[in-house]
Structures are given as C-alpha cells and as structure tokens.
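These notes concern the structure reproduced below.
No value in this document is a laboratory result; all are computed from the given coordinates. Everything quoted here is computed from the prediction, not taken from an experiment. All Cβ positions, even for glycine, are placed from backbone atoms using ideal geometry, and neighbour counts span all protein chains on display.
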Protein chains: 2
Amino acid sequence: MQLLFLGTGAGMPSKQRNTSSLALKLLEERGAVWLFDCGEATQHQILHTTLKPRKVEKIFITHLHGDHIFGLPGFLGSRSFQGGDETVEIYGPPGIREYVESVLRISRTHLNYPIHFIEELDGLVFEDEEVSVQAAKLDHVIPSYGFRIEQKPLPPKLLIERARDLGVPKGPLLAKLKAGEDVLLENGRLVKSSEVTEAENKGFIVAILGDTRYCQAAIELGSGADVLVHEATFDADTQKLAGEYGHSTIRDAAEIANLASVKTLIVNHLSSRFLPEDEKKLVKEMRKVHADSFIAHDFDEFDWKIHDHALKKK
Amino acid sequence: MQLLFLGTGAGMPSKQRNTSSLALKLLEERGAVWLFDCGEATQHQILHTTLKPRKVEKIFITHLHGDHIFGLPGFLGSRSFQGGDETVEIYGPPGIREYVESVLRISRTHLNYPIHFIEELDGLVFEDEEVSVQAAKLDHVIPSYGFRIEQKPLPPKLLIERARDLGVPKGPLLAKLKAGEDVLLENGRLVKSSEVTEAENKGFIVAILGDTRYCQAAIELGSGADVLVHEATFDADTQKLAGEYGHSTIRDAAEIANLASVKTLIVNHLSSRFLPEDEKKLVKEMRKVHADSFIAHDFDEFDWKIHDHALKKK
Ligand SMILES: [Zn+2]
Ligand SMILES: [Zn+2]
C-alpha cells in the first residue's frame, strides 16, 4: 500500500501545491488504485506519475467544494479515452451524481464504462474479503466526510514444507492445520497448527479526512490507525480564521492524531499563505504534539509494508 | 494587442500541450483581456504568466466539449477569490449558462461579481466604440463557433502645432479640421484637413475559430484578417480521421488562410499523436500553402503593432 499525494493545497492551485487529490495505491493488494478527491488538474498531475487512470477503481469525494471536484469530469473522460472500460464507483455526498451527470451530459462526454454512485456516506460504505471502508461526517461549512479504510487480517500462511517434514500427508489434514486446528497423524504424532503456519498479519488502517474543524468524528475515524491524513489549512497565528471557515490548524491535526492514538500523521490542504520557508516552524509545532508526523507535498509518496507496520516516505 | 496561447492541444492534456485556451490581450487598447475557451487547468497555466484574472472582461467559448470548458468554473472562482469584482461576459453556445450555473451551485462557489451570458452567437455579438465581434457557426460534430474581432479605425490625430503654425486659431475651426473638413482662414488662406491630421489607422482584424472541418464559414470569418487562429488536429496522413471527427488537417487550415487572404495563420489544437520532432515536417506542409504561418505552443505570445500591421512572435 502506498499513498501518493497529487494535490496538497487549499482552495486554489498555486505553483507549489495543486488542489486536493490523493491516490491510495493498492496495486499489490488488489491491482487497483483508489482516489480521494479530484481537484482541477488532477489528471495533469497524474501525467507526471506512473499511475494509470484505468486502474482507478473507486473515487471517494469528501465534499463538493470546487477544489475537491473540479478535476473529476476531465479525469473520467480521459480515463475512457485511455482505454478504461471497467466500472468506477464514486462515493460522495448527495449532489455528486448530479454534478458528474450534468457536466458529462452538457459537454457530450461519452464514457466507455459505467459509473456507480454511492451518495449515502454513513457507516460502512464498502466491504469485501480484503478491505472495508467506513465513512462519517466531519464538521465543515458544508457536509464533508472522512473515510477509514481497514485491510482485513491476511489469512495465516501454511508452511507446506515444514508440514511435509513433520510427516503430514497431502490432503484434508493440511486444510485443517491451515484453518487453525491441531491434527493427530496416523503414526500418533500431534502436529499443532502453530508449528506449520505463519502468524496472522494485521492489515493496515488508513483514515483520510476531508476539510474539517477539530471534531470528535475525526478522532473516531482515526482511532488506532496506521496513518491519518488530516487537513491543516491554518496555523496558530490564524486559529480564529480556522474556526470561521470550518478548517483546522496544524496543531488541531496533531492533537487529533494524538487523541486517536494514530501512528503516523500526514497533514495536507495547506493554505498558500504558508511559504516554503515557514515549513520548519510548522513541522516543529506539529511534532511537539505528535512526533511521527509529516507535511505532505505534491508528489510525496509514502509506503507501508505489512511486515514492519511502518509508513516510510519514499 | 497580443495573443497569448495558454493551451494548444486537442482532447486531453499532455505534458507538452494543455487543452484549449487563448488570451487576447487588449491591455493598451482597453485595459482588458479576453479569453477564448477555458480548458481544464487554464488557471494553472495563467499562474506561469503575468495575466491577471480580474482583467478578464469577456470569455468566448467556441463549443461545449470538455477540453474547451472544464477549466471555466475554477477560473471563475479563483478570479473572485483574487479580488475580481467586475462583470464577466460569457459568450457561448446554448448550454454554457446551464453548465456554469449548475457547477457553481453544486460546488457552493460564490462569486463577488455578476456573469452576463450571451448564448446567441449569430452575426454581431458585441460592439462598442473600439471594437466589434462577429460570430458564425463552423462545421464540427456539435455546434462550434468562430469569432472575428475587428478593431475600429483609430480617429485621425490632429497635429495641433502644425495647425497653429499655419495660423489656425483655437476653437471650432480645429474641430472641423479634425473631422475631415477643409477650412478658409480669415486671412484668405485655405487649410486642408489632410495638412494638419495624421492619416487614419486601420485597426486589427483577428479571427479565432473553434474546432471545425474545412468550411466556408471559416473563410468568411477570416476574410482579410491580420491573424487567423485555426485548429489543425490532424495532418495529411490522418486526413480521413479529420473528416470523421469533425476536425481539420494542417493543410486544410493553410488553404483556408490562403482563400481568406489572411496575413498570418497560427494553428492550434494539435493532436498529441504529433511528436515534437514531427513539427518541422508539419510546418513545411503548411508553409507550402500559406507562407506566413506558425504552429502555436503553450505560452507562445504574438504581438501586433498598429503601425506596421504585422504580427511578430515574441
Ligand atoms: Zn478544500
Ligand atoms: Zn477540442
């Protein structure tokens, strides 16, 4: 699993940061990529990466502000033009369907694949054998949502050669051992499941939030997560504005990460009022509260490996 | 007057060419900029120029395909955010109003200025003391328009000192001379208007066309123009595709320029199938038919000076 930040700015594009978009790369896990938000020129950002639009299987839209959706029609059209022909699921607040359908209709954009819209974003919004996604409403000036993606524990792995060495014959006994049962061999020897399987691997938990004030739902979505992606539009000097405009300060984000016992915090949606030279100070402010934390930049990529459960910046 | 190309590609953005947008800079003439089409990420392109979004007074949309309009909502929102508070006139085919209004409504984008929509694009669509704009329908797969912008002749300039030297007193006689009348002085001397005025300056004529097949309307819009901006999505090898998809080849564009007795031809809307190394061949193909012609690239700027009536690449 990798997180690739495509746009990390707030409100308007700047030369440093594009408007919001984030790719959750699940290529090893399911051969797919999930997008979170799709600000204008997300497809342009993708041109500078190895992402294939046809691999994008799901798009999660946190809220309907322009800096989170204005790149969606162009992305969908180009995905079709570039050979994408499999269904895309779009999860977003009520209105996302009307937006996409009316823009595609007026611009006569024909897609070679169907779109499936999911506009009910409370609780479990997706689940299959590999992963589940929970959504909850945050606290912004318009309905804005956060998503918690949990990978299911991987089934224990059967160590076939070790089982053979212990004299387990091919066949149903192997299946029992894999399922966690101990078995008695014909020669009277007891083989424990734990002797011939590798321990179960805990899956990752990633929480990706839309624009929000400091709020309880953010803590719940992030609870115990390996990674929390939280907005940080303002800082201590502009705390008042954060409240007025429905946003968080970088310190708010760090406190949420702390209260939620998150491992790694990554903040995005930074105001263009922050200059590159302000960043050291911002990082210091954030790490005082939550040590394992990063400010995201466009094209930053973070990699999470199942065996060490740590997120590393590529 | 300057022409600044912001996006010169067709259909989808590429690393070399963004989707369509062209700025007609009329800063000296009227302190304003007019935009022609507004593909996705036009506002991003503008970040790399000296253009001020609040100076954009009119936006002409040739047709409703996504590669010509997907940057419009973002541009309008950012123009407001950056302090633009004067009316914008948007000229476009029926549907442009519904597009802009529904996207702004769903994304809760509030503008600090009104938009005035003009959806009837036949004949004279704008005229004031300085300039007129004619529109006509071209031949594409959906309604697509071209615009002919004519600057009115500048009024003759009165050479006050020369009139004084010839003995013309201050007052109404000067006004008559300026208006083209000859006058008889009290001392019996006849002063000709032509002696004390500088010849009238012909204004510029610029024709900017949307996507089109080779068609008669293109010749009429371009007739005698100083500059014709014409699409060239295909070339001789792909002539068949041009007809099927409602586009022109680069040779079509050159022939139109020739038949319309245009001074300078600039082609845009080039397919990404053309590689930078193909360009020499394309230019040769085009100049065989119309010598004074250019292929536009993103950020190319052309400057037209009233006194030499020639367009020069900056
Ligand atoms: Zn935002
Ligand atoms: Zn086009």
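Okay, here's what the table says:
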{"quantity": "Using a 7 Å Cα-to-Cβ projection, residue B:47 label spacings across copies, nm, ascending", "calculated": "1.4"}
{"quantity": "Cα→Cβ-extended label distance, 7 Å offset, between residue B:244 and residue B:189, nm", "calculated": "7.7"}
{"quantity": "For residue A:116, inter-copy label distances in nm, listed shortest first [label point 7 Å out on the Cα-Cβ vector]", "calculated": "4.9"}
{"quantity": "Residue A:118 long-range amide H proximity, modeled H, under 5 Å", "calculated": "A:90, A:91, A:92"}
{"quantity": "Alpha carbon centroid spacing (whole Å) that separates the range B:35-95 from the range B:108-142", "calculated": "13"}
{"quantity": "Likely footprinting exposure, A:223, A:261, fewest C-beta neighbours within 10 Å first", "calculated": "A:261, A:223"}
{"quantity": "Label spacing, shortest first and in nm, from residue A:128 to its equivalents in the remaining copies (7 angstrom along Cα→Cβ)", "calculated": "5.8"}
{"quantity": "Cross-link reach list, aspartates and glutamates versus residue B:192, counting only Cα pairs under 13 Å and skipping chain neighbours closer than eight places", "calculated": "B:181, B:182"}
{"quantity": "Sites residue A:130 and residue A:175 - FRET efficiency at Förster radius 25 Å, r taken between beta-carbons, to 0.05", "calculated": "0.75"}
{"quantity": "Ranking of B:290, B:297, A:247 by count of other Cβ atoms within 10 Å, fewest first", "calculated": "B:297, B:290, A:247"}
{"quantity": "Set A:152/A:281; B:58/B:178; B:55/B:176; A:280/A:312; A:280/A:314; A:137/A:240 screened for pairs whose C-alpha atoms are more than 27 Å apart", "calculated": "A:152/A:281; B:58/B:178; B:55/B:176"}
{"quantity": "Proxy reagent accessibility, fewest Cβ within 10 Å first, across A:19, B:87, B:264", "calculated": "B:87, B:264, A:19"}
{"quantity": "Theoretical FRET efficiency, 1/(1+(r/R0)^6), r = Cβ-Cβ of residue A:139 and residue A:113, R0 22 Å, to 0.05", "calculated": "0.05"}
{"quantity": "For the A-to-B rotation axis, chain A residue with nearest beta carbon and its distance in angstrom", "calculated": "A:41, 2"}
